[in-house]
1. Residue 222 is checked against (1) of a type in the set (Asp, Glu); (2) part of a helix (DSSP H, G or I); (3) open to solvent by less than 90 Å² (accessible area, probe 1.4 Å) and fails just one. What number does that condition carry?
2. Kindly indicate the residue of the stretch 130-180 that is of a type in the set (Ser, Thr, Tyr) and at pLDDT below 85 and also surrounded by the fewest Cβ atoms within 10 Å (Cβ to Cβ) among those meeting that condition.
3. Identify, by number, the condition in (1) surrounded by fewer than 14 Cβ atoms within 10 Å (Cβ to Cβ); (2) charged (D, E, K, R); (3) in contact with a strand residue (DSSP E or B) (Cβ under 9 Å, 6 or more places away or on another chain) that residue 185 doesn't meet.
4. So, residue 193, is that one among the acidic types (Asp, Glu), open to solvent by 40 Å² or more (accessible area, probe 1.4 Å) and modelled with pLDDT of 90 or more or not?
5. Out of the residues in the stretch 96-105 that are on the phi < 0 side of the Ramachandran plot and in contact with a helix residue (DSSP H, G or I) (Cβ under 6 Å, 6 or more places away or on another chain), which is most open to solvent (accessible area, probe 1.4 Å)?
6. Name the residue, out of 164, 188, 150, that is under 24 Å from the mean Cα position of the chain (by Cα) and touching a residue at least 24 places away in the same chain (Cβ under 8 Å).
Amino acid sequence: TFETVSPFEPDERFISSESMVFQDEAVLQLILTPTQATIRTAISAALNSFILSLLGITVTIGAVFVAQNFNKIATTNIQRYRNLFDSSRDAIFVINPQGEYLDANPSALAMVGYTREELRMLVVNDLVHELSTPVPYDRNELWETGGTVEISLRNKAGIAIPVEMAVSPLRLADEVRYIIGIARDITERKELENLRLRRREELESLVEKRTAELNVRVDEVEELNRITGQMVVDLQNANNSLEMTQKRLQNSNDELEAFSYSVSHDLRAPLRHIDGFLNLLMEREKETIDETSLHYIANVLDATHRMSELIN
């Protein structure tokens, strides 16, 4: 603003002092001072020439005029920034280093539910809901260096409002005189984050449940495989045992067949002798043998034939 109003070069500035007032307290003192070279030049000109003195008077009048313009511009700028302050959709709080609220815009008052007069009776601890703040922070360091932090504000009804607070310290003479806090309500974002967190927890729980069920099924399948494997082993053992039994049975059958052949062969020999000698007897005694004896001999021969068939 000064460079826009002043047409002078830096070494030709004039003395002027203007204050910028905020909340009935001077927050900015603007002092414009000529350089030592300009002062010496002005004194020399005043001593050497009345014309230069008149020029100095003219410059003084110009300085007063410019100072008045500065005052008007400062007033205009203060009103402009006040309009911006009041019309901001974000909540803006102004506090001092002692934590006392000095001012707040309408958005901030609507957020916390207090009037400006009620708010000035409070301190930071009355509004900041420390227990519901997600991440601990160092307030003194934040007020000294500035930064952004997520905190929860407690409104007049006692309800916690999550906000994202941008903190900016204002220094005068290298000393923090004011702290500006710009808060934005992040309730919807927090609700979405909580919703995503719940969905994630539900999904993780469902995954754990399904994993547990799958592990049970895997255990059942492994047990079934174990039982099946044992059954296969038992079946193989049974097949091996059956093969051995079949071999033993085959051997027994072979032995029985050999035994049967031997017995049948041994039984045929006496039958052949009986049959042969009876036939010889009948041939020799056919003239003298009676009918009864022939009948007996015929019965014996018939019995030997049946015996031979049984052996076969």
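The values are calculated or read from the model by the stated rules, or taken from the named source; none is laboratory data. Since this is a predicted model, take the numbers as computed values, not measurements. Cβ placement follows ideal geometry from the backbone for every residue including glycine, while neighbour counts extend to all protein chains displayed. To get the accessible areas, we keep the full protein, side chains included, count just its heavy atoms, and leave off ligands, DNA and RNA. Shrake-Rupley method; radii C 1.70, N 1.55, O 1.52, S 1.80 Å.
1. (3)
2. That would be 132.
3. (1)
4. no
5. Among those residues, the one meeting the criterion is 101.
6. Answer to the selection: 150.
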